[in-house]
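The values are calculated or read from the model by the stated rules, or taken from the named source; none is laboratory data. What you see is a predicted model; the values in this text were computed from it and never measured. With ideal geometry, Cβ positions are generated from the backbone for all residues, glycine too; neighbour counts draw on all protein chains shown.
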Amino acid sequence: MKAISKDGTQIAYDKTGKGPALILVDGAFCYRQNGVTPRIVQLLCDNFTVYSYDRRGRGESTDTKPYSVEREIEDLDAIIEVTNETPFMCGISSGACLLIQAAGKGSKAKKIVLFEPPYVVASETDQAPPKDAKTVLENFSQQEQRSKAVYYFMAKVMGMPAIIVFLFKLFGRSAWKKNESVAHTLSYDVEIMGNYYVPVELSSKITCPTLIVGGEKSPKKLINAVKKVEKNIPNSELKLLKGQSHNISMKILAAELITFFSS
């Protein structure tokens, strides 16, 4: 199925399950056929009508230039409209940053869950990803150097050790190829995350009940990020899950969503 965004971009989505509407907002690399979405949809569809969608430029969705965060918010609003209700929403990683932007600017949600939005700069002493990351990724995209873009984003933006990225490329070739297919959208995620500080003013405008989820085993900078997000969203609570990291078990995350949205 396709929803039409304000600028004419076609946003591909699936509607699965039964119950109140729940929209999933993916992070970098992920779309309906890649990443966490296929796993978590099946864990949620007995409790919710789950709307999973390909963010612009990914999967079966089209793209319209120039890119802007506002256009991505309009894409999400188009999915909200097709639900015909005020939905629950869950944003994962940079998708959580997009959801903060959307909810802070008025997109309607009954409740939202934010899993580890990577606002990794809590103070001036924290090390941020390279300031020119967006430009570097755009240049890779223009030169069709998709593999280099994936490697750069993982190592320089996400901060993964280079040896781990190398091993992932070596032994996870199918997943690497899927990541390459959306490499041109990685600069979009960088733009959404801005200067990697929590957007305090926008966060303070989110009025719906909000659960911020993190993993106790995640890097300290991500734990600090979720704590700061929780402090800036008025009607919010924080849960740090024992034994979990940024690579969270979808079974455990799904259980948290079911509990929070059903309460």
Could you figure out which of (1) crowded, with 16+ Cβ neighbours inside 10 Å; (2) part of a helix (DSSP H, G or I) isn't true of residue 29? (2)
Show the residue pairs meeting these rules: Cβ distance below 9 Å; 6+ apart or different chains; first residue within region 91-109 and of a type in the set (D, E, K, R); second residue not in a loop (DSSP other than H, G, I, E, B). 105/70; 105/73; 105/202; 108/77; 108/80
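The rows are residues; the columns are (1) of a type outside the set (D, E, K, R); (2) within 14 Å of the chain's Cα centre (by Cα); (3) assigned by TED's automatic domain parsing to the domain that holds residue 20.
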{"position": "42", "(1), (2), (3)": "yes, no, yes"}
{"position": "57", "(1), (2), (3)": "yes, no, yes"}
{"position": "87", "(1), (2), (3)": "yes, no, yes"}
{"position": "102", "(1), (2), (3)": "yes, yes, yes"}
{"position": "105", "(1), (2), (3)": "no, no, yes"}
{"position": "113", "(1), (2), (3)": "yes, yes, yes"}
Quick check: is even one residue across region 43-52 closer than 27 Å to residue 262 by Cα, assigned to a helix (DSSP H, G or I) and either at pLDDT 95 or above or among the acidic types (Asp, Glu) (or both)? yes
I need a count of the residues in region 193-210 that are crowded, with 22+ Cβ neighbours inside 10 Å and either free of Cβ contacts under 8 Å to residues at least 24 places away in the same chain or assigned to a helix (DSSP H, G or I) (or both). 2
Among the residues listed as 96, 122, 103, the single one being part of a loop (DSSP other than H, G, I, E, B), within 30 Å of residue 224 (Cβ to Cβ) and either modelled with pLDDT of 95 or more or among the hydrophobic types (A, V, I, L, M, F, W, C) (or both): 122
Kindly list the number of the only condition in (1) surrounded by fewer than 21 Cβ atoms within 10 Å (Cβ to Cβ); (2) among the hydrophobic types (A, V, I, L, M, F, W, C); (3) in contact (Cβ under 8 Å) with a residue 24 or more places away in the chain that fails for residue 115. (1)
Within region 252-263, is there a residue that is touching a Ser or Thr at 6+ places or on another chain (Cβ under 6 Å), in the same structural domain as residue 41 (by TED's automatic domain parsing) and either buried (at least 17 other Cβ atoms within 10 Å of the Cβ) or among the charged types (D, E, K, R) (or both)? no
Pairs where the first residue, in region 22-33, is in contact (Cβ under 8 Å) with a residue 24 or more places away in the chain and the second is charged (D, E, K, R) and in a strand (DSSP E or B), C-beta under 9 Å, 6+ apart: 32/14
Just a yes or no: is a residue in region 2-17 among the aliphatic types (A, V, I, L, M) and farther than 20 Å from residue 107 by Cβ? no
